[in-house]
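The values are calculated or read from the model by the stated rules, or taken from the named source; none is laboratory data. Please read these numbers as outputs of a predicted model, since none were measured by experiment. With ideal geometry, Cβ positions are generated from the backbone for all residues, glycine too; neighbour counts draw on all protein chains shown.
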Amino acid sequence: MNDETAKEREIMMVMRKLLTTIVREVTPEHKSLKHPLSDQTIQDIRACLGLITAREKELADAAGRTAQERPYFVDEPPATKVVPITKIGKVKKDEDD
């Protein structure tokens, strides 16, 4: 990845974070309250986020990164499980045998 694409990737990330922060801050706490943004503004924000995501994917593909970078929660269980090498090949026997 060259300096130009790294800078563009950074710009896309900052724009995405800013838009999502703005939406989070103006969203009312209770669903019964009216949202301060118009329906057209909400659609425009969704379109911007879609374009940002598409460009980030293009930059990742051009850089040879095929894995999608996705946010995760720290309490989310990992997608993989580490198996100690000492356990490989051993089969547990039932106590009934």
The stretch 1-46: number of residues that are closer than 24 Å to Arg65 by Cα and of a type in the set (A, V, I, L, M): 7
Only listed residue being in a helix (DSSP H, G or I) and not aliphatic (A, V, I, L, M), chosen from Arg55, Arg65: Arg55
Residues of the stretch 1-50 that turn out to be in a loop (DSSP other than H, G, I, E, B) and out of contact with any His (no Cβ under 7 Å at 6 or more places or on another chain), as a count: 12
Qualifying residue in the stretch 26-44 (condition: of a type outside the set (Phe, Trp, Tyr) and under 18 Å from the mean Cα position of the chain (by Cα)): no
Filtered residues of the stretch 1-33 (kept if of a type in the set (S, T, N, Q) and either over 21 Å from Arg55 (Cα atoms) or in contact (Cβ under 8 Å) with a residue 12 or more places away in the chain (or both)): Thr5, Thr20, Thr27, Ser32
Subset of the stretch 8-28 [basic (Lys, Arg) and at pLDDT 90 or above]: Arg16, Lys17, Arg24
Of all residues making up the stretch 22-68, the number that are of a type in the set (A, V, I, L, M), loosely packed, with under 10 Cβ neighbours inside 10 Å and under 26 Å from Ala79 (Cα atoms): 1
